[in-house]
Amino acid sequence: APLEAGVCTPTIPQCAGGEGPALDLETGCVPVGIATCPEDWERMADDTCAPLLPACDDDEIASFDGTCTGLGSSAECGAPPFGILEADGDTVWALSDAPPGSADGTEEHPFPTLAAALDAVPEGGTILVGSGVYDGGFVVNKSVRIRGRCPGEVTVRGPAAFTPAHWGAAPMEALIHVDGAADVEVSGVTLNDGENEEGQRSVGIVATDAPNLTLVDLLIHNPGGAGLDLFECPGAQVSRVTVQDLTVRSGNNPFGQAGYGLRLTGSPATITRCLFLDNEGADIYAEASCIDLSFSHFEGRGGVINIAPMGVWLEGCDGGAGHRVQSCRFFNKMTHGVLARNSLVTVEDCRFEEGVTDYDDINGPALRAEDSVVTIRRNWFRENQLASVAVIRCSGI
């Protein structure tokens, strides 16, 4: 069609949804886009594919296979004071309002403090913790299982100052410090350090040189530095943990010791059924720690300038199966849902929805991989502000 300026433009056929003009612009319209949707996905009105997701409760995640998986800490507490807790081998009992004068660690005469229970429990034993509020700031330096009635009824508060080597010269406060002990378990409690003062850095649990650490059914609320900090803890198991309202205080260095929901250094871990809500900094930061992450939900933005308020930040894993992120949801995250660098990484069956960029374009993609070997399959990206995926200097894509 000649124009007045002497320029010619093609006459383009008007095509219906799911069709586009043929390349020669003469043979009409041809089908375009995805020919068939994957199994258990459906074709939408705009001819894109979306997973058939079940209707799940707020504390569940909907999976592409049509199932609902429970997330976060348990609400099942049982009858007071000890619920369904039962003796397991060498067992010591603790109850915050128990009279100290008659305490001997039995169920009939429990210790009123966790510190006393820790002193009394033998190596490889179990501490069963009844309803109440307990002083934190203690060190676990023996193999022991600390099992609370449930997070809704057992709270540990009041951190103490520690200076583990990987923190450098700056002390940080922690509610529980697992130091050089293997096969430690902490479960069924809330970790809440209360109102932090400006500049205070505190951690729910810091663990150093603690292989086979198990952290299950925990609610970590309002830490000022990190929810969990694991250093040289291979074989860690983290399940049904909720980290919420982590606030980076003034003067903290988020790229050093503060600003992470779960920080892993030299600590390959299995992480499942966890919930990260409204945290500043990265929800999970893994350095030289290959993780197997599944069925977890990451929601809410940061908002502190120059802090990376992303979902999962993966650095330096090239052994074994590498990093695996499966059946997770990243909703309303700022910067990235997943950032992987210098790693072997697989991201599959995940949902990235309504992500936003923070302060420049390179921090916008919902999934960003650099200098890595990458597998990306069966993911759903919806309404992300900048790019859905950025793959830079990667191989094996």
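The values are calculated or read from the model by the stated rules, or taken from the named source; none is laboratory data. Bear in mind that the values here come from a model prediction, so they are computed numbers and not experimental data. Positions of Cβ are generated from backbone atoms using ideal geometry, with glycine treated the same way; all protein chains shown enter the neighbour counts. In case anyone asks, the SASA skips ligands and DNA or RNA and just uses the protein heavy atoms, side chains included. Shrake-Rupley method; radii C 1.70, N 1.55, O 1.52, S 1.80 Å.
Miscellaneous remarks
- Ordering 293-299, 54-60 by mean Cβ neighbour count within 10 Å, with the highest value first, yields 293-299, 54-60.
- Extension reserve of the S395-A170 stretch, reckoned as 0.36 nm per residue once the Cα distance is removed: 77.0 nm
- As a length-normalised measure over Cα pairs under 8 Å and 6 or more apart, the relative contact order of segment 65-113 settles at 26 percent.
- Listed peptides 34-47, 112-125, 218-231, 338-351 appear in the order 218-231, 338-351, 112-125, 34-47 once ranked by packing, highest mean of other Cβ atoms within 10 Å at the front.
- Our estimate of slack between R377 and A5, defined as 0.36 nm per intervening residue step minus the Cα-Cα distance, is 129.1 nm.
- Helix-only [θ]222 nm of the chain, DSSP H runs n ≥ 4, -39500 (n - 2.57) each, per residue, nearest 500: -500 deg cm²/dmol
- Given (i) 1.01; (ii) 1.10; (iii) 1.24, the label whose value is Rg/Rh (Cα atoms, Kirkwood Rh) derived from this model: (ii)
- Surface per residue (accessible, 1.4 Å probe) for the chain, Å²: 43 Å²
- Treating r as the C-beta distance of E108 and Q237 and R0 as 35 Å, the FRET efficiency rounds to 0.60.
- In percent, rounded to a whole number, the relative contact order of the chain is 8, using alpha-carbon pairs under 8 Å and six or more apart.
- Of all accessible heavy-atom area on the chain, the percent that carbon and sulfur account for (1.4 Å): 49 percent
- Largest to smallest accessible area among L25, L213 [probe 1.4 Å]: L25, L213
- Measuring only protein heavy atoms, the 1.4 Å probe finds E287 accessible over about 80 Å².
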